[in-house]
Amino acid sequence: MKNINLGNQFTIFGFAIATTIIVFVGHALAYQDRPMEFFSGLIDPATMLMMLILFLISLVVGCFIGVIPTFITGLCFKYFFENKFENANYLKTGFYGFLVSFIWLPMVLLFYFIHSPTFDMLLIFWAIVILPTCIICAMLEKRQLNKLQHAQK
């Protein structure tokens, strides 16, 4: 376990996963009243090209915004679960990702205690974006660990 750089998958893939979730949720909210307009736009190549370009732009912006939080989350994951991670199965790995997502919850609760109207929005953001991103990145960490273990055999 000493040669493995645990927490690296959070930094590599975390911002891309979070940005993709934000883009999909944004599309779902924008077209929830008129889904056929969205599907008819998928047929048009010009619309698809514009959506792809805007998605790539949002990935770049998401990289700049999200690289520091994903790096911090990866460091916390490494600090808390480095000793337990090697023998964990995928269910425990998902649970470790679930637990590491709670490091961002005090920030949300801080907004609750100062009676900010953004509390609900941040709690939804935590539940829809941060929680699945942490679980997926933990699973990617486990997959990377399994690959390295099989390569050493």
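The values are calculated or read from the model by the stated rules, or taken from the named source; none is laboratory data. No experiment lies behind these values; they were computed from the predicted model shown. We place every Cβ from the backbone using ideal geometry, glycine too, and count neighbours over all the protein chains shown. Heads up: the accessible areas ignore ligands, DNA and RNA and are worked out on the full protein's heavy atoms, side chains in. Shrake-Rupley method; radii C 1.70, N 1.55, O 1.52, S 1.80 Å.
Structure notes:
- The range 14-79: radius of gyration over Cα atoms, expressed as a fraction of 2.2 N^0.38 Å: 1.40
- Summarised as an ellipsoid, the range 64-118 has semi-axes of 27, 14, 9 Å, derived from the eigenvalues of the Cα gyration tensor scaled by 5 and square-rooted, with the largest first.
- Quotient of the Cα radius of gyration of the range 94-153 and 2.2 N^0.38 Å, N being its number of residues: 1.52.
- Mean residue ellipticity (222 nm) of the chain, computed from DSSP H runs ≥ 4 via -39,500 (n - 2.57), nearest 500: -27000 deg cm²/dmol
- The charge dipole of the chain, taken about its Cα centre with unit charges on the Cβ of Lys, Arg, Asp and Glu (plus for the first two, minus for the last two), comes to roughly 740 debye.
- Relative contact order (percent, whole number), the chain, Cα cutoff 8 Å, 6+ residue spacing: 38
- Helical segments meeting 27 Å axial Cα length and Kyte-Doolittle -1.0 threshold in the chain (DSSP H): 8-30, 45-85, 131-152
- Ellipsoid equivalent to the chain - semi-axes via the Cα gyration tensor, in Å: 31, 22, 13
- Carbon and sulfur %, accessible surface of the range 1-121 computed with the full protein complex present, 1.4 Å: 74
- Probing with 1.4 Å while keeping every protein chain in the model, the per residue accessible area of the chain equals 66 Å².
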